[in-house]
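Taking it in order: structure first as structure tokens, then the write-up.
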Amino acid sequence: MSRAYNFCAGPATLPESVLQQARDEMLDWRGTGMSVMEMSHRSDEFVEIAETAENDLRELAGISDDYAVLFMQGGASSQFSTIPLNLLGNKTSADYVNTGIWSKKAIAEASRYGTVNVAASSEADGFTTIPDQSRWETSADAAYLHYTPNETIGGLEFDFVPDTGSVPLVADLSSTMLSRPLDVSKFGLIYAGAQKNIGPSGLVVVIIRKDLLGKARKETPTMMNYQVIADNDSMYNTPATYSWYLAGLVFKWLKARGGVQAMGEINLRKAKKLYDFIDDNDFYANPIDPRFRSWMNVPFTLGNDALNGDFLKGADARGLLNLKGHRSVGGMRASIYNAMPEAGVDALIAYMAEFAKERG
Ligand code: PMP
């Protein structure tokens with residue numbers, strides 16, 4: 001059976017060579033007589049797997065020793081509460097930028113722990129654009145500013161890193177991590193659920209500037225205390241070992257392909273092709289301000305919603321899977337993360353052209 005092109009937003013397609021390596025190592029990891037899944041997380045073998053993954057991620061993303069890298073559980077969603085619990089410190093409020101569904105979820109959760117000041121929002125514009133930073137109403141005593149660089153559902157992506165001066169910048173990079181170069185030194189904290197560009201679900205990567213550790217509120221659950229997780233090399237309890245191992249294989253794959261610089265060039269090319277096609281074809285539409293269109297998640301609608309079912313059926317038959325848009329917005333969405341080959345985007349465009357010609 002040949003592999004399909006899977007456009008799922010997450011869990012998302014993984015590089016085929018990574019899956020092959022995982023298959024080859026499944027029953028007997030390098031002569032240990034067991035799979036990585038069955039290893040003690042405290043064994044020399046697993047500790048080496050874990051450390052190698054962290055070092056490769058540090059190299060890929062350019063993460064200096066000023067930052068701790070944590071491999072946590074609970075998905076990106078658990079970070080929505082972990083962040084305020086750890087970073088509010090003795091302050092009572094934080095700034096949030098509202099650019100879509102994931103920002104809103106982060107805001108709702110943070111509101112349980114302190115005052116959220118929504119410094120900017122594009123809700124009135126249907127989340128189709130990013131408010132210019134000159135119009136943001138930040139508060140002077142905010143503990144941090146949180147934003148979502150890429151809204152996975154809306155397909156809206158920042159093309160700039162906000163300047164927050166001395167206020168720590170916190171970013172939910174779940175759906176754009178490692179997709180292009182990023183200056184980590186501008187951030188106080190970055191987090192990303194793994195199941196898009198990093199590996200399987202079950203893992204959330206947190207990159208935190210070390211001076212922000214040690215500020216957790218007293219009532220913070222131990223498992224959510226960044227200081228505890230950092231002090232224990234992310235092994236305070238049993239980590240998601242297999243996901244961590246697979247993330248390590250993905251990092252090796254990324255390095256072999258030229259890292260985030262090369263990936264960024266490929267991703268830009270893939271996204272541009274698809275948006276250009278949508279813009280040039282009257283049957284398809286994407287509502288996002290062209291400057292802020294996501295490189296990773298491309299939502300689009302058909303000229304006639306009644307054809308959505310037929311479009312998806314035809315796509316499935318061609319091995320173009322999971323193109324149905326999020327239930328909250330409808331239409332279609334093609335997620336084209338690092339592991340989606342350019343040939344997958346070409347195949348999608350060819351099908352879209354054919355469908356529009358026949359049915360449009
Ligand atoms: N933030 C963003 C930007 C996401 O795309 C997602 C998942 N789609 C989440 C948070 C939630 O991630 P998780 O399911 O790992 O909690």
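The values are calculated or read from the model by the stated rules, or taken from the named source; none is laboratory data. All values derive from a computational prediction rather than experimental measurement. Note that each Cβ is placed from the backbone with ideal geometry, even for glycine, and that neighbours are counted across all protein chains shown. Surface accessibility is based on the protein's heavy atoms, side chains included, excluding ligands, DNA and RNA. Shrake-Rupley method; radii C 1.70, N 1.55, O 1.52, S 1.80 Å.
Can you pull out the residues in segment 302-321 that are in contact with a strand residue (DSSP E or B) (Cβ under 9 Å, 6 or more places away or on another chain) and either buried (at least 19 other Cβ atoms within 10 Å of the Cβ) or of a type in the set (A, V, I, L, M, F, W, C) (or both)? Within segment 302-321, Leu302, Phe311, Leu312, Ala315, Leu320, Leu321 meet the criteria.
In segment 61-72 there is no residue that is more than 16 Å from the ligand (Cβ to nearest atom), charged (D, E, K, R) and in a helix (DSSP H, G or I). When the criteria are applied in full, Ala140 meets the requirement of being at pLDDT below 95 and open to solvent by 10 Å² or more (accessible area, probe 1.4 Å).
Residues checked against (1) open to solvent by 50 Å² or more (accessible area, probe 1.4 Å); (2) away from the ligand (no atom under 16 Å from the Cβ); (3) not small (Gly, Ala, Ser):
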site	(1), (2), (3)
Ala50	no, yes, no
Glu59	yes, yes, yes
Ser78	no, no, no
Lys91	yes, yes, yes
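Checking segment 5-13 against the condition returns a match, with at least one residue being surrounded by fewer than 17 Cβ atoms within 10 Å (Cβ to Cβ) and either at pLDDT 95 or above or within 30 Å of Ala317 (Cα to Cα) (or both). Could you grab me the full set of residues in segment 156-189 that are within 11 Å of the ligand (Cβ to nearest atom) and touching a strand residue (DSSP E or B) at 6+ places or on another chain (Cβ under 7 Å)? Result: Glu157, Ala171, Asp172, Leu173, Ser174, Ser175, Thr176, Met177.
Return a yes/no flag: does segment 209-222 have any residue that is within 16 Å of the ligand (Cβ to nearest atom) and touching a residue at least 12 places away in the same chain (Cβ under 8 Å). The answer is no; no qualifying residue exists. Screening Leu249, Leu274, Leu268 for residues that are more than 24 Å from Met72 (Cβ to Cβ) and in contact with a helix residue (DSSP H, G or I) (Cβ under 8 Å, 6 or more places away or on another chain) leaves exactly one candidate, Leu274.
Okay, residues lined up against (1) within 13 Å of the ligand (Cβ to nearest atom); (2) in contact (Cβ under 8 Å) with a residue 12 or more places away in the chain; (3) open to solvent by less than 50 Å² (accessible area, probe 1.4 Å); (4) not acidic (Asp, Glu):
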| position | (1), (2), (3), (4) |
| --- | --- |
| Asn55 | no, no, no, yes |
| Thr82 | yes, yes, yes, yes |
| Leu85 | no, yes, yes, yes |
| Ser103 | yes, yes, yes, yes |
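Look through segment 151-173, keep the residues that are under 14 Å from the mean Cα position of the chain (by Cα) and under 16 Å from Gly264 (Cα atoms), and return whichever of them is surrounded by the fewest Cβ atoms within 10 Å (Cβ to Cβ). Among those residues, the one meeting the criterion is Phe158. Taking (1) touching a strand residue (DSSP E or B) at 6+ places or on another chain (Cβ under 9 Å); (2) surrounded by fewer than 18 Cβ atoms within 10 Å (Cβ to Cβ); (3) free of Cβ contacts under 8 Å to residues at least 60 places away in the same chain in turn, Gln73 satisfies each apart from (3). Among residues that are of a type in the set (A, V, I, L, M, F, W, C), within 16 Å of the ligand (Cβ to nearest atom) and surrounded by fewer than 15 Cβ atoms within 10 Å (Cβ to Cβ), Ala124 is not included.
Take Ser201 and decide whether it is in contact (Cβ under 8 Å) with a residue 60 or more places away in the chain, out of contact with any His (no Cβ under 7 Å at 6 or more places or on another chain), within 11 Å of the ligand (Cβ to nearest atom) and closer than 21 Å to Ala230 by Cβ. Here the answer is no, as Ser201 does not meet what is asked.
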